[in-house]
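A.B. asks: Provided herewith is a single structure, encoded as structure tokens, for subsequent inquiry.
Derivation of every value follows stated rules applied to the coordinates shown; laboratory data play no part. Worth saying up front: this structure is predicted, and the values here are computed from it rather than measured. Cβ placement follows ideal geometry from the backbone for every residue including glycine, while neighbour counts extend to all protein chains displayed.
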Amino acid sequence: MKNKFINIAVVSKGRLKIGTENLFKKKKLKILSKSERSLLGFIKGYPSIRVMYMNSKEIIEALGTGVCDVGISGKDLWRESEPSIQSKISLIREYDWGKSNLVVAVPVSWWDCGNPTDLEEISFEFFNKKKQLMRVATKFKNLTREWFSSKGITQYELITSLGATENSHEYKSHILTDLSSSGKSIIENNLKVIEQGIILKSSACLFAAKSSIKKKEIKKIIKLLTA
Amino acid sequence: MKSRNSFNQILKSKGFKNIELDNIIESRHILKRSGGNFRQYLFSFYDQNFTEWSLRPDLTISSVIKFIQDKKKGRTKWWYSGEAYRKSNIKSNSVVKKQTGFEIYASNNKNKDDQEIIQTSVNILKKTNFKKAQLNIGNIQIFYTLVNKLDMPIRWKERIKRHFSREFYFNQLLKKLSTNSDINPVIVKRDKREVEKLRKQDPNKMFSGRTLKEILDRFDVKNYSDPRSESNKKNVKIIKDYFKISCSIEKAPKVLNEFFKKNNLNLFISSDYFPIKKNNLKNIKVIFSSNIGRTAEYYSGMVFNIQIKIKGKNKFLVVGGRYDSLIKNLGYKNTTAVGAAVDLNIL
């Protein structure tokens, strides 16, 4: 199936979908699909290019496993993916839309916590005085662990959060790491981003599977989407 | 194989009892020892009761847990051999580490037991084909004492001691210390105003796992009790210079005392502090090195390694040291411990 078509994966809903549609429009690429709900489509004038609508995380997996040749998704998800997947994908272009930051947020009431050095000290306070680990809610375990490690923060426990991470400090964690675009949600949930607390600056990106990148047709598509 | 059998003979003849260690350990014990960051190196899984287990990442942790579970009392000497399983950031590293370990728990005489562990390690070296080796000895307590004597905020002292074993981050910390870059005066000024409003509230009120008192106490220590000091640059230089000290073990007390005197630190180290006092132990050069023992966070006193050369590269055949606080940190009574591990992968 893969040999017959060039598969482009795009996000099926949300901000990234709108951004991708705008990009395609700008490049005069019209996606044709059977209905609005259909998750498969073709590009007008390019019968060999198949457009597959997917979840943004799934796009990274699909590129890593070679199901798709080219895809548009978030840089955060690519960087968070397992090394075995990440190493099989090339980042071709970072767009200036779909922007958000993965940040470290602590309760506003932690007045003594302003930067990573403070956080490191507080994590030891939990460990030494309370005999427990500081709990960190996140959807981004790998990126969080990497950042914590670079800041000398070792005494913590990561709690998986699947959604509504911003209020998890109220009931299951002490602090959190989460994506923030405007910062509004952070403030509204009585949180603050610590100084030097940006783990990753993310935006929508064009990716290609390394196994496909040298193919003539793929190069053409990449040129179309990056010109 | 031949040399491994002779290692076992040495350990038996020295009175170490052979024990079998569990292959899997409850992950919480490992995380308690090494923190959540260590999870990235573990091979872990859940059982039917949702308890998380890990393949043992090193044999020391298994041994300590066995010591606690067996409720051992009094001086205990044992040895074990087997594989440990740990992921690595270095692609070429094997995830399987073959080791022989030996330990003495609940020392009556710490210096004597330190000597015994080092002497046994040297005897093991003698059973291998390595003709040239160097025995490096250090002591983390000397570094801790030095830091305690420096004129700098207590929280900085604690931080520097805490990160002795994380060399990369440790160097970043020194940089921060020398530039005083952990406090932003603009933010501190703003926060001071806000904090004053909180002082009248119930000190036991909880904010995400911390009481208001804990938050305010730390705020005060950080912003009032620990003035920013111009002498921090000098302190950083002293620490960096200390790590450059490497000399024959016989000269170590003299060199260290001269270093303390030069830096106006009221410290004195006697030769009794060192478990080995001769420069030569069975034709092995003995060196005092201030910069060793930085690979495991649980070392707390004497540390040593036996360095050999394989194809021109330095390798460590034996690594060991004292970890007196580890057993207590895992929730058992305060018990001293000293031990070493032979890296069987490089034989």
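A.B. asks: What is the fewest-to-most order of A:Val51, B:Val188 by other Cβ atoms lying within 10 Å of their Cβ?
C.D. replies: Sorted ascending by nearby Cβ count, the order is B:Val188, A:Val51.
A.B. asks: Which of the trypsin sites (Lys or Arg not before Pro) across the range B:60-146 are loop residues per DSSP, with 10 or fewer other Cβ within 10 Å?
C.D. replies: The qualifying sites are B:Lys71, B:Lys73, B:Lys91, B:Lys131, B:Lys132.
A.B. asks: Does anything in the range B:276-292 have its amide N under 13 Å from the 7 Å Cα→Cβ label point of B:Asn111, and if so which residues?
C.D. replies: Output list for this probe position: B:276-278.
A.B. asks: Quick one: helix B:252-262 against the long Cα principal axis of chain B, what's the angle to the nearest 10°, folded into 0 to 90?
C.D. replies: 20
A.B. asks: May I have the pair-distance distribution P(r) for the range B:184-227, computed from all Cα-Cα distances with 10 Å bins from 0 and rounded to whole percent?
C.D. replies: Binned Cα distances yield the sequence 26, 55, 18.
A.B. asks: Does the range A:100-202 classify as rounded, prolate or oblate by the C-alpha gyration tensor (a ≥ b ≥ c root eigenvalues; a/c under 1.5 gives rounded; else a/b over b/c gives prolate, otherwise oblate)?
C.D. replies: Judged from the Cα gyration tensor, the range A:100-202 comes out rounded (a/c under 1.5).
A.B. asks: For the range A:61-163, which trypsin sites (Lys or Arg not before Pro) are in a loop by DSSP, counting at most 13 other Cβ atoms within 10 Å?
C.D. replies: Answer in residue order: A:Lys130, A:Lys131.
A.B. asks: Scan chain B and report its longest stretch carrying no GluC sites (Glu not before Pro) that are both in a DSSP loop and have at most 12 other Cβ atoms within 10 Å.
C.D. replies: B:21-229
A.B. asks: Also, quick follow-up: By how many degrees, between 0 and 90 and to the nearest 10, does the Cα long axis of helix A:216-226 differ from the longest principal axis of chain A?
C.D. replies: Result, in degrees: 60.
A.B. asks: Would you please give the FRET efficiency between A:Glu188 and B:Lys282, computed as 1/(1 + (r/R0)^6) with r the Cβ-Cβ distance and R0 = 60 Å, to the nearest 0.05?
C.D. replies: 0.30
A.B. asks: Going by how many other Cβ atoms sit within 10 Å of their own, how do B:Ile245, B:Ile276, B:Ile30 line up, fewest first?
C.D. replies: With the fewest neighbours first, B:Ile245, B:Ile276, B:Ile30 line up as B:Ile245, B:Ile276, B:Ile30.
A.B. asks: Under the 0.36 nm per residue contour assumption, what length would be gained going from the current alpha-carbon distance of B:Ser246 and B:Val186 to full extension?
C.D. replies: So the extension gain works out to 17.3 nm.
A.B. asks: Let me ask something else. Cα axis of helix B:140-149 to longest principal axis of chain B: angle in degrees, 0 to 90, nearest 10?
C.D. replies: Helix B:140-149 and the main axis of chain B meet at about 20 degrees.
A.B. asks: Same structure again: Per residue of B:202-212, count partner chain C-beta atoms within 10 Å of its C-beta, then hand back the mean as an integer.
C.D. replies: 5
A.B. asks: For chain A, what does the convex hull of the Cα positions come to per residue, in cubic angstrom?
C.D. replies: 131
A.B. asks: Here is a further query. Estimate the FRET efficiency between B:Gln119 and A:Gln196 by the formula 1/(1 + (r/R0)^6), using the beta-carbon distance for r and 51 Å for R0, to the nearest 0.05.
C.D. replies: Result of the calculation: an efficiency of 0.55.
A.B. asks: Related question: Using a ≥ b ≥ c from the Cα gyration tensor of the range B:1-143 (square roots of the eigenvalues), is it rounded, prolate or oblate, where a/c under 1.5 gives rounded and otherwise the larger of a/b and b/c decides, a/b for prolate?
C.D. replies: Because a/c hits 1.5 or more and a/b exceeds b/c, the range B:1-143 counts as prolate.
A.B. asks: Given a Förster distance of 60 angstrom, what is the FRET efficiency for B:Lys205 paired with A:Lys44, based on the Cβ-Cβ distance and rounded to 0.05?
C.D. replies: About 0.45, to the nearest 0.05.
A.B. asks: Need one word for chain B: rounded, prolate or oblate. Basis is the Cα gyration tensor (sqrt eigenvalues a ≥ b ≥ c); a/c below 1.5 gives rounded, then a/b vs b/c decides.
C.D. replies: Oblate, since a/c reaches 1.5 and b/c is not below a/b.
A.B. asks: Another one. Any chance you could run the full-extension gain for B:Leu347 through B:Asn314? It's 0.36 nm times the residue separation minus the Cα-Cα distance, nm to one decimal.
C.D. replies: That works out to 10.5 nm of additional length.
A.B. asks: What list of ³J(HN,Hα) values in whole Hz, one per residue of the range A:35-47 in order, does the Karplus curve 6.51 cos²θ - 1.76 cosθ + 1.60 (θ = phi - 60°) give from phi, with Gly and Pro shown as x?
C.D. replies: 3J(HN,Hα) across the range A:35-47, in whole Hz: 8, 5, 8, 5, 9, 10, x, 10, 9, 4, x, 10, x.
A.B. asks: Would you please name the trypsin sites (Lys or Arg not before Pro) within the range A:4-53 that are DSSP coil residues with at most 13 other C-beta atoms within 10 Å of their C-beta?
C.D. replies: A:Lys4, A:Lys13, A:Lys27, A:Lys28, A:Lys30, A:Lys34, A:Arg37, A:Lys44
A.B. asks: Could you put B:Met302, B:Met152 in order, starting from the residue whose Cβ has the fewest other Cβ atoms within 10 Å?
C.D. replies: Ascending number of Cβ neighbours within 10 Å: B:Met152, B:Met302.
A.B. asks: Something else now. Once you've got the GNM for chain B with C-alpha springs shorter than 10 Å, pick whichever of B:Gln172, B:Gln48, B:Gln40 has the biggest mean-square fluctuation.
C.D. replies: B:Gln48
A.B. asks: If you don't mind, another one. Binning at 5 Å from 0, report for the range A:1-43 what percent of all alpha-carbon pair distances ends up in each bin.
C.D. replies: Bin by bin from 0 Å, the calculated values are 5, 19, 28, 29, 13, 5, 0.
A.B. asks: For the protein assembly as shown, what is the Kirkwood hydrodynamic radius in Å, using each pair of distinct C-alpha atoms?
C.D. replies: Evaluated on the protein assembly as shown, it is 27.3 Å.
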